[in-house]
Amino acid sequence: MSPDMKGQHPGMDGKEIKQQMLTVSSSPHVRDKESIRKIMWNVIAALVPAAAFGVYHFGMNGLINIIVAIVSAVVFEFLWEKLMHQRITITDGSAVITGLLLAMCCPPNLPWWMAIIGSFLAIVVCKQSMGGLGYNLFNPAHVGRAGLMVSWPIAMTTWTRMNGSVADMASSSSVDALASATPLNVLKHGGTDSLFQLFGTNDWMSIYKSMFLGFRSGSLGETSTVLLLIGGIYLIYKGYIKWQVPVVMIATVGILMGLIAGDAHLALFHMMAGGLIIGAFFMATDMVTAPITLKGQIIFAFGCGLITVLIRQLGGYPEGVCYSILLMNALTPLIDRAVKPKVFGTVKKGAK
């Protein structure tokens, strides 16, 4: 409307005109109560139980790494936005999630200064250099982890050794901060006999119990299957992620490993081993780096599961979740283009 509305409508004062004016804005016109900050802090809440268990199981060095990774991630994001004269967004929780996930995907006895470098790679190199939240092509936490893995492979594959048998582990949180192989590594290089020796039993149910509860060696936040499942189910309940994505990714690994090994026990073992659960629920479902449509997300999840199996079976590294998700992140634009929904109201080229 013209600013001279009062002169065009005799008898109406400025207050009445202001009340009748319409506010015109760009889409979306229908808004949801959810916000970036609310979603991010809910994801953090979903990760806290598994992270807390990791600290309980592996000791205070795990807590130090979590604090260092989170603080450094937030500081790097603040400094970048300050230097680039951008709006400060550190309160939205996205940097906190990146630092937390990075720490949870690394060995609990990782030197604290490596956590800082990992956060730098995740926030500055991966996220902010690509334009900030919503523009990064790759999952920041996994970029940080991959960078540390390439630079310090020994430190990134030195795991905390567990004391005693499965029964002992279930009743005690004591661990030795010495080099030890993960269950996946032991199975890959030594077979099932070595796996039984690692757990101190050949009873698969006892091994499943240890894997499910989290009393085993591995990265800080990936060991407790049950707590990660609870966190993932919470995100599904909140509507932040689609259940099909983690189900397809985990099922793909389980089915293919079962067919390759010809053993249902090993299929279930691979579904709970390594970083598959945390990767399927908290990284393959990333709203920024995963495809937009559900069909695209299912293709993405299947690809993650397939590449994970290929790396675990054919690669020199016993785990493949991190690299599988990063490789599929690179294919996300192509997947989005291939499964682009039809635009209603248009006519196909050449049609009359």
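The values are calculated or read from the model by the stated rules, or taken from the named source; none is laboratory data. Given the structure is predicted, the values throughout are model-derived calculations rather than measurements. Virtual Cβ from ideal backbone geometry, glycine too; neighbours counted across all protein chains shown. Just so you know, the surface numbers come from the protein's heavy atoms only, side chains and all, with ligands and any DNA or RNA stripped out. Shrake-Rupley method; radii C 1.70, N 1.55, O 1.52, S 1.80 Å.
If ligands, DNA and RNA are left out, what is the accessible area of K238 with a 1.4 Å probe, given in Å² to the nearest 10?
Per-residue accessible area (K238): approximately 60 Å².
For region 175-318, which whole-number percentage of the solvent-accessible area (1.4 Å probe, protein heavy atoms only) is attributable to carbon and sulfur atoms?
Summing carbon and sulfur atoms, their accessible area is 67 percent of the total for region 175-318.
If you project the alpha carbons of region 240-336 onto their three principal axes, what span does each projection cover, largest first, in Å?
35, 26, 19
Kindly list the residues of region 203-223 that lie in the label zone of T157, defined by a backbone N under 20 Å from the point 7 Å along the Cα-to-C-beta vector.
From region 203-223, the list is 217-223.
Between L310 and I88, what is the FRET efficiency for a Förster distance of 45 Å, r being their Cβ-Cβ separation, to the nearest 0.05? It would help to have the intermediate numbers written out before the result.
Numbers: r = 42 Å, r/R0 = 0.93.
With a Förster radius of 45 Å, E is 0.60.
Quick check for me: using +1 on Lys/Arg Cβ and -1 on Asp/Glu Cβ, what's the dipole size of region 35-154 about its Cα centre, in debye to the nearest 20?
Roughly 140 debye, rounded to the nearest 20.
Mean shadow of region 85-137, computed from the convex hull of its alpha carbons, in nm²?
The number I arrive at for region 85-137 is 4.1 nm².
Once phi is turned into θ = phi - 60°, what whole-Hz ³J(HN,Hα) does the Karplus curve with 6.51, -1.76 and 1.60 give for every residue of region 287-298, x standing for Gly and Pro?
5, 8, 9, 9, x, 7, 7, 5, 4, x, 5, 5
Given labels modelled 7 Å from the Cα in the Cβ direction, how far is it in nm from Q197 to F302?
It is 4.1 nm.
Which ³J(HN,Hα) values in Hz, rounded to whole numbers, follow from the phi angles of region 199-212 under the Karplus curve 6.51 cos²θ - 1.76 cosθ + 1.60, where θ = phi - 60° and Gly and Pro get x?
8, x, 6, 10, 8, 4, 5, 5, 5, 4, 4, 5, 5, 5
If R0 is 35 Å, what FRET efficiency do you get for Y135 and W112 from their C-beta distance, rounded to 0.05?
On the way: r = 29 Å, r/R0 = 0.84.
The formula returns an efficiency of 0.75 here.
Could you list, in their original order, any pairs among K33/K127; K33/K342; K38/K127; K38/K242 whose Cα atoms are separated by more than 22 Å?
Check vs 22 Å cut-off fails for K33/K127; K33/K342.
Please compute the length gained on full extension between H265 and Y56, using 0.36 nm multiplied by the number of residues separating them and subtracting their Cα-Cα distance.
72.4 nm
Kindly provide the pair-distance distribution of region 35-154 built from C-alpha pairs, with 10 Å bins from 0 and whole-percent values in order of increasing distance.
For region 35-154, the pair-distance distribution reads 15, 47, 32, 6, 0.
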